[in-house]
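The values are calculated or read from the model by the stated rules, or taken from the named source; none is laboratory data. Predicted model only: the values in this text are computed from it and were never measured. Cβ coordinates were reconstructed from backbone atoms using ideal geometry, including for glycine residues, and neighbour counts include every protein chain displayed.
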Amino acid sequence: MRLPWICLYDPKLVLGDNTFHMHTAYCAQMDKHRKKIVNRKRGGASWVIEATTAEEAMKLQLAEFKSEDKGYDLGDFVVHECAAKTLEKKVLGKTVLGRVGRSRR
């Protein structure tokens, strides 16, 4: 299943040592990080990449960078902790089909 991954470009390295930060579109902290980076003074950017995993999204982005001779490598990317939480997400409370029993949580 393809998910939207948000790639945040940080030219001033606000969030750490890596230039690109990969978040899921459902990350609760993504908006906060995006506001820090994508600012008129900072010159950062963000864009969406559709892929099944964060690693695939990074490889797709690196392939695009290599075609444009940008000079980035895998070490310039970091995957946010929200990627692991997306895979573990449990269904709690009501769903479209009704209430979920405790044995199915």
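Selection over the stretch 43-61 of residues that are in a strand (DSSP E or B) and free of Cβ contacts under 8 Å to residues at least 40 places away in the same chain gives a count of 1. Remark: ASP69 matches the filter, which requires a residue to be modelled with pLDDT of 80 or more and either surrounded by fewer than 18 Cβ atoms within 10 Å (Cβ to Cβ) or of a type in the set (Lys, Arg) (or both).
Applying the criterion of being aliphatic (A, V, I, L, M) and not in a loop (DSSP other than H, G, I, E, B) to the residues of the stretch 30-42, the residue that is farthest from GLU81 (Cα to Cα) is ILE37. Could you tell me whether any residue of the stretch 92-104 is outside any helix (DSSP H, G or I), in contact with a Phe, Trp or Tyr (Cβ under 7 Å, 6 or more places away or on another chain) and modelled with pLDDT under 80? Within the stretch 92-104 (the criterion being outside any helix (DSSP H, G or I), in contact with a Phe, Trp or Tyr (Cβ under 7 Å, 6 or more places away or on another chain) and modelled with pLDDT under 80), the answer is no, since none of the residues qualifies. Would you mind stating whether ILE49 is at pLDDT 85 or above, within 15 Å of ILE6 (Cα to Cα) and surrounded by 12 or more Cβ atoms within 10 Å (Cβ to Cβ)? Here the answer is yes, as ILE49 does meet what is asked. Criterion first (modelled with pLDDT under 85 and in contact with a His (Cβ under 6 Å, 6 or more places away or on another chain)) does MET1 satisfy it? So MET1 fails the test.
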